[in-house]
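Below is one structure; the comments refer to it alone.
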Amino acid sequence: MNKLKCTVYADNNSNHLQQIYTGLTMLHRQGRLNVSMRVGKEARKSNVPFSVQPNILHIELGGKKLCFDTSDSAAIDLEAYALTDHYFKRSFNPSLEPENYQKNVYPYGLNYLVYPDGFDPFGFKRCALFYSTKEWKKELIKQADFLGKLHFKASVSNISSSPVLREQAKVLFLARLWDTESDSYFQISDQQKTQREEINVQRAKCIELLRDEFGNRFTGGLIATDFAVKQHPKLVVDNAGLTTKSNYLHTVKSHDICIASTGLHGSIGWKFGEYIAMSKSIVAEKNLNYVPDLAEGSHYLAFTTAQECVDQAIRLDESTDTRFSMMKENHRYYESNLRPDALLMKCFEQVL
């Protein structure tokens, strides 16, 4: 593909979009794209926190309008869809909305929070222009501090690693419980409350059984929120430092079998992408969303119940060959399908 002009309409700075922004920066540095970025005047006035800004990004590439939707939900944003030629959807599940999944709706792939290595002028400019948001200064410092002296940043190099085979496998599952009564930013419906309760029960039971099965070879528990402490005090992680981003990534790299559970709206959580980026063997809760080229059995083992989760972890623990083969497959998948620049090129090649 020849170097293409790429205009990015960065009217949202959602954390869910950071992976795409990182991929665009990487491709610009490689000379494969000529990226320019625009932030609308109305967007600059927004005081909505980045964590809950819309997960929609519009770009123009090679004369075509592309939209990326990295929301947890499988629902198509019809307003955004009407403005685009091609629509890439993270939680791709046509069975939920068959009438809205047209031929120009494509699966995006796995999503996780990752920043470019080094200084990112696009990221700095984007954060500087969202000066009305509460975390504006914090994000601006994070972008300026590209050496990580003041604030750890989960950059491409920090969040990727090659397979490591250890004879004594260690198992990891850190999870959070969702508050079933309230949320910081919106009212919880009865349906959402039920969904959160089901997620919480599954996560707590998995941790309880994994701890019993693997003993001191298991690292995990619930993140110590007030809700988790109230619901399951014995399952809460004692070491609060374990859940900081830098320590968490170090912990993932030092483990071999990593557990991923389904997120809100039936989404595949960020942990799944992080595990693949760090070449782990994975046990993941069965999910209905489609991810290009990702295969059960090769890249992960699936479970539907907490006991199945433990059984699949035992299978990987007992078979060094199966475990290491999966690690190598996931490393190859990262290089070809998940590294931010590679993921975006996979998307672009479908429509150009």
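What number of residues within segment 78-125 satisfy the criterion of being closer than 28 Å to residue 138 by Cβ and assigned to a strand (DSSP E or B)?
Total meeting the criteria: 1.
Residue 212 is checked against (1) under 17 Å from residue 306 (Cβ atoms); (2) touching a Pro at 6+ places or on another chain (Cβ under 7 Å) and fails just one. What number does that condition carry?
(2)
Quickly run through segment 88-100 and pick out the residues that are of a type in the set (Ser, Thr, Tyr) and either farther than 22 Å from residue 286 by Cα or open to solvent by 40 Å² or more (accessible area, probe 1.4 Å) (or both). First the steps, then the outcome.
Here is the first cut: in segment 88-100, the ones of a type in the set (Ser, Thr, Tyr) are 91, 95.
If the condition is that a residue be of a type in the set (Ser, Thr, Tyr) and either farther than 22 Å from residue 286 by Cα or open to solvent by 40 Å² or more (accessible area, probe 1.4 Å) (or both), then 95 is the only one that fits.
For residue 83, indicate whether it is out of contact with any helix residue (DSSP H, G or I) (no Cβ under 8 Å at 6 or more places or on another chain) and at pLDDT 95 or above. Explain how you work it out, then say what you get.
Numbers: out of contact with any helix residue (DSSP H, G or I) (no Cβ under 8 Å at 6 or more places or on another chain): yes; at pLDDT 95 or above: yes.
Judged against the criteria, residue 83 is a match.
Here is a list: 188, 159, 199. Which entry is assigned to a loop (DSSP other than H, G, I, E, B), open to solvent by less than 30 Å² (accessible area, probe 1.4 Å) and out of contact with any Leu (no Cβ under 7 Å at 6 or more places or on another chain)?
Values: 159 fails: out of contact with any Leu (no Cβ under 7 Å at 6 or more places or on another chain); 199 fails: assigned to a loop (DSSP other than H, G, I, E, B).
Within the list 188, 159, 199, the selection yields 188.
Is it the case that residue 66 is touching a strand residue (DSSP E or B) at 6+ places or on another chain (Cβ under 6 Å) and either in contact (Cβ under 8 Å) with a residue 60 or more places away in the chain or open to solvent by less than 30 Å² (accessible area, probe 1.4 Å) (or both)?
Numbers: touching a strand residue (DSSP E or B) at 6+ places or on another chain (Cβ under 6 Å): yes; either in contact (Cβ under 8 Å) with a residue 60 or more places away in the chain or open to solvent by less than 30 Å² (accessible area, probe 1.4 Å) (or both): yes.
Taking the combined requirement at face value, the residue satisfies it.
Restricting to segment 122-156, and then to whatever is polar (S, T, N, Q) and in contact (Cβ under 8 Å) with a residue 40 or more places away in the chain, can you tell me which residue is surrounded by the most Cβ atoms within 10 Å (Cβ to Cβ)? Even if it seems obvious, please write down each step before you answer.
Step one: list which residues in segment 122-156 are polar (S, T, N, Q), which gives 132-133, 143, 155.
Those still in the list that are in contact (Cβ under 8 Å) with a residue 40 or more places away in the chain too: 132-133, 155.
Working: 132: 12, 133: 19, 155: 17.
This residue is 133.
Restricting to segment 43-63, name every residue that is open to solvent by 60 Å² or more (accessible area, probe 1.4 Å) and not in a helix (DSSP H, G or I).
Listed by number, the residues that qualify are 45, 47, 54, 60, 63.
Which pairs do you get when a residue that is at pLDDT below 80, found in segment 165-193, comes within reach of a residue that is surrounded by fewer than 16 Cβ atoms within 10 Å (Cβ to Cβ), reach meaning Cβ atoms under 6 angstrom, with the pair 6+ apart or on two chains?
185/52
Could you check, for segment 22-29, whether at least one of its residues is over 19 Å from residue 344 (Cα atoms), of a type outside the set (Gly, Ala, Ser), touching a residue at least 40 places away in the same chain (Cβ under 8 Å) and open to solvent by 20 Å² or more (accessible area, probe 1.4 Å)?
We begin by selecting, within segment 22-29, every residue over 19 Å from residue 344 (Cα atoms); these are none.
There is no residue in segment 22-29 that is over 19 Å from residue 344 (Cα atoms), of a type outside the set (Gly, Ala, Ser), touching a residue at least 40 places away in the same chain (Cβ under 8 Å) and open to solvent by 20 Å² or more (accessible area, probe 1.4 Å).
Considering every residue within segment 31-42, establish whether at least one is under 15 Å from the mean Cα position of the chain (by Cα) and surrounded by fewer than 22 Cβ atoms within 10 Å (Cβ to Cβ). I'd like the intermediate steps shown before the answer.
Our first condition is that a residue be under 15 Å from the mean Cα position of the chain (by Cα); within segment 31-42, this holds for none.
Taking every residue of segment 31-42 in turn, none turns out to be under 15 Å from the mean Cα position of the chain (by Cα) and surrounded by fewer than 22 Cβ atoms within 10 Å (Cβ to Cβ).
Only one residue in 280, 271 is within 18 Å of residue 167 (Cα to Cα) and touching a Cys at 6+ places or on another chain (Cβ under 8 Å). Which one?
Numbers: 271 fails: within 18 Å of residue 167 (Cα to Cα).
Criteria check complete, one pass: 280.
With the checklist (1) at negative phi; (2) modelled with pLDDT under 90 in hand, flag the one item residue 266 doesn't pass.
Just one mismatch for residue 266, condition (1).
Restricting to segment 202-244, name every residue that is of a type in the set (D, E, K, R) and either assigned to a loop (DSSP other than H, G, I, E, B) or more than 22 Å from residue 268 (Cβ to Cβ) (or both). It would help to see each step written out before you state the result.
The initial filter retains those residues of segment 202-244 that are of a type in the set (D, E, K, R), namely 203, 205, 208, 211-213, 217, 226, 230, 234, 238.
Selection gives 208, 211, 212, 213, 217, 226, 230, 234, 238.
Which of (1) closer than 30 Å to residue 351 by Cβ; (2) crowded, with 19+ Cβ neighbours inside 10 Å; (3) under 21 Å from the mean Cα position of the chain (by Cα) does residue 220 not meet, given it meets every other one?
Answer for residue 220: the failing condition is (1).
The values are calculated or read from the model by the stated rules, or taken from the named source; none is laboratory data. A quick note: this is a predicted structure, and the numbers were derived from the prediction, not measured. Cβ sites come from the backbone with ideal geometry, for glycine too, and all protein chains shown count toward neighbours. Please note that ligands, DNA and RNA were not included when accessible areas were found on the heavy atoms of the full protein model with its side chains. Shrake-Rupley method; radii C 1.70, N 1.55, O 1.52, S 1.80 Å.
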